[in-house]
1. Would you mind putting 518-524, 602-608, 654-660 in packing order, based on average other-beta-carbon counts within 10 Å, highest first?
2. If you count, for each residue, the other Cβ atoms within 10 Å and average over each peptide, how do 188-199, 142-153 line up from highest to lowest?
3. Could you work out how far apart the two model spin labels at D86 and E489 are, taking each label as a point 7 Å from the Cα in the direction of the beta carbon, and quote it in nm?
4. Between T597 and Q659, 0.36 nm times their residue separation minus their Cα-Cα distance comes to what?
5. Over all pairs of distinct alpha carbons, what does the Kirkwood formula give as the hydrodynamic radius of the stretch 48-141, in Å?
6. Using θ = phi - 60° and the Karplus curve 6.51 cos²θ - 1.76 cosθ + 1.60, what whole-Hz ³J(HN,Hα) does each residue of the stretch 16-25 get, with Gly and Pro shown as x?
7. Given points 7 Å out from each Cα along the Cα-Cβ axis, report the L70 to Q207 separation in nanometres with one decimal.
8. Any chance you could tell me what percent of the C-alpha pair distances in the stretch 102-172 go past 20 Å?
Amino acid sequence: MIKVAESLELTTIKTFSKPLLANLQKLGVSTVQGLLLHLPLRYIDETHISAVRDLRAGESAQVEGEIVHLEVAYKPRKTLMARLEDASGQITLRFLHFYPSQIEALKVGTKLRVYGEVRSGFFGYEMVHPNCKSVGEKTEVAETLTPVYPTVAGLTQSSLRKALKLALAQTPLAETLPPSVYEAFNFPSFAESIQALHHPAPNSDLQALQDKKTPHWRRLAFDELLAQQLSMRKHYSRRRSVNAPQFTPSKYLVSALLKSLPFALTSAQQKVALEIERDLSQPHPMQRLLQGDVGSGKTIVACMAALQSIENGWQVALMAPTEILAEQHYRKTLAWLSALNIRIGWLTGSQSKKERVAALQAIASGEAQLVVGTHALFQESVEFKNLGLAIIDEQHRFGVQQRLALRQKGQPEPHQLMMTATPIPRTLSMSYYADLDVSVIDELPPGRTPIVTKLVSDARRDEILQRVREACMQGDQAYWVCPLIEESEVLQLQTANDIFALMQSEFPELAVGLVHGRMKSSEKQAVMSAFTNGELQLLVATTVIEVGVDVPNASLMVIEHAERMGLSQLHQLRGRVGRGAAKSTCILLYQNKLSETARARLKVIYESNDGFAIAQADLHLRGPGELLGVRQSGVPMLKIADLERDADLLDSAKSIADQLLKQYPEAAEKHLMRWLASAGEMMKV
Ligand code: ADP
Ligand code: MG
C-alpha cells in the first residue's frame, strides 16, 4: 500500500472520490492530518449481541433475532411496529417515520441485527428507530467499538468510517514528542491514541470514552494545549525581537496630573501604573492587558501611560468600542489633560466630512498628541505622525484583526495597552492570553458602598415602578435596561421604544430619556450628556450602556429579563451604578417560570459582587467563547481539550513547552505544524 504523509492534502489519497472530498471540505477537513484529528463524538457498542432477556431499560444494546410480527398501527399516530424474537424473548421495534421499503425489509421471517436504546413500552421492552442490519448465518460482530463522527448532510457515518479506516491504514503517524516526555505523564503514544480513539477496543470504558477522560483522549488534549502554549511562546518571543520606541519615565506630566486629581491612586493602581511605566521604557513593544473590575479606575492609569508617551514626543491613540464610551473618554481626558496643555483629537465614524478632514490632518501632522475615538481610528485613511502607544478599552469587544490594524499604524511598532473589565479566569489567562502580560487592579477606590442586588419576579413590576418614582423624586437617577433580544435588532428597537413610551406615561412627573444602539451618535451623545448633567432622571437604555458608562449620580438600575443575559454582561451593567458614594441598588427582573439553569445563573449574580467569581461561573456555564468574544476575534478555539476538565494539564503543557523549546526545538516545530495545520488559520498573530 502507498503510504501518505499526514501533512498532505486529502487528494493524495487516490481512492477518495470528488463528492467525498467536497463533503469533507464542508467539515473543514482538507488534509490527511485534519481527517485523522476528526475524532468521534461518541461510540456505540456493536461488539457483542445481548439476549433480549438480559436487556435493561436505558442502556443501548445490540440484539439479533427474527421478525415474527409486523403491522402498521394508526393510533395514536401512524407507526410501524415489528416484534423481534431471539431464543430468550421478544422486543418491539417502533418506527414513527418509515418508507415502504422498510416494511419490505422488516417482513416476517427476516433475520435482523438491531442496535438502539432500550425503553420500557406498553408491550415490554422496545426500541424506537433502531439501526437495523439484515444478517446471514455467519455475520460477524464488530471487532471494536463503532465511532460516531460529527458530520454534515450528505456524508453518512459509514462513508466517514470507511474514509478514516483508509486514511489510518495509509498514514504512518509520527510521534512529535520525545518518549521521555509523554511517558513521564503515563500517556500513550500519539499513534496509539489516534488509533484507539477511532477504533476503541471492545470492553473499553464507554462512559470514560464519551467523557473524554481516557488516557488516549488526555494525551490528545495535552498535545493540543501544548501546541497552544508553543504558539503563544512564539508570539511572545517574536515581540521580544521587534523594536519599539523607548520612553523614559515621565518627569513632569504624570505628577502634574496626579496633583490635579481630587483623589489619590489606590495602591493597586500605583502598582499597575509602575508595571506599565517599566514596559514602556523597554525597546520592545508592550502588549499588556490591564484587567480590573468595573469602577476600579483603569482610565486614569491609561492616562498616565499616555502622558509618558507624549512627554517622550510620541502620539497616543485611545480607542473605545462604542461612541458613547469614546465620547466619555474624550470628555474625561479633556478635563484631565487639557490643563496640562495636551492637544486632544477626536475621531469617530459619525463626524461631518469637514470635521473628519480636520481631525485627520491634526493626526497626521502630530498636532493631536492624544487621539480618542472608535473603530474609525484604524481605518486606512488614518495616518499618524508617530504613534507610540495604542490604548484599547474593553479589548474583548474588538477582534484580533482590529488590534493588529492599529498596531500597524506605528513605525516602529507601537506599544499596546489593552483594558478589560471582564476578569479572566486563571485557566483562560494561562491559555488564550498566555502571549500577553497581564496587570490586575484588584482593589476598588475607597468610599464606594457595595451595590445591593435584588431578584424580583416580573409579577411585582408595580412595586418596582413605585420604587423608581421615589428614588427619582428624591434626586437620584435611574437606569431602566430593556430586555436583550439577540435574534432581532428590529424587535430590540421596537421593545426599547415601547418601554420608553410606557415609562413616559407612567412617570409624567419625571424627565425620561431613551438611548439605544440604532440612534445617530449625535442623538446618543445628547441624551447621555443630558443624563450626566442631571436633566434626565430616568434613562431607558438597551445594553449599549453596558461598557464603561460613568454617571456617578445614578444609583438605581432595573434590568428586565435578566435571565436572558450573560453573567459577565449583567455584572458590567450593574457596574454602571454604585459609582458615587450613595448606596446603590440593582434590581433584576425575571419572568416567572425560570428554568433550573437560569435560576442557578441568577443566583451567582445575586450572591456575588466579585467579577472574578462571576466570570468563572460564566466560563463554566457558557464556555470560553462567550468570555473571549471569540466569534469576532478569530482566536482559534480548542477542539479537544476543555479548560475545565483538563485544567490539570495546563501547568504541564506550559512547562513542557519551555522544555521542548530549550532542548528539542525540532520536536516543538513538528508538534506545532501538526496542530496548527489542523486548526486552519490558527494563531497567525
Ligand atoms: P473602570 O475601571 O471601570 O474603567 P473608571 O476609570 O471609569 O473605571 O473609574 C471609575 C470612577 O472612579 C471614575 O469616576 C474615576 O474618576 C474614579 N476613580 C478612579 N480612581 C480613583 C481613586 N483612586 N479614588 C477615587 N476615585 C477614583
Ligand atoms: Mg472603563
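Taken together, the values in this text are just the output of simple stated rules run on the coordinates, not laboratory data. Being a predicted model, the structure only gives us computed values, none of them experimental. Note that we place each Cβ from the backbone using ideal geometry, even for glycine, and neighbour counts take in every protein chain shown.
1. Numbers: 518-524: 15.3, 602-608: 17.1, 654-660: 18.7.
Ranking the peptides 518-524, 602-608, 654-660 by packing returns 654-660, 602-608, 518-524.
2. 188-199, 142-153
3. So the label points at D86 and E489 sit 5.9 nm apart.
4. Here the answer is 18.1 nm.
5. Details: mean 1/r = 0.0755 Å⁻¹.
That comes to 13.2 Å for the stretch 48-141.
6. Coupling constants for the stretch 16-25: 6, 7, 4, x, 4, 4, 5, 5, 5, 4 Hz.
7. Those two pseudo-labels are separated by 3.9 nm.
8. For the stretch 102-172, the fraction of Cα-Cα distances above 20 Å is 52 percent.
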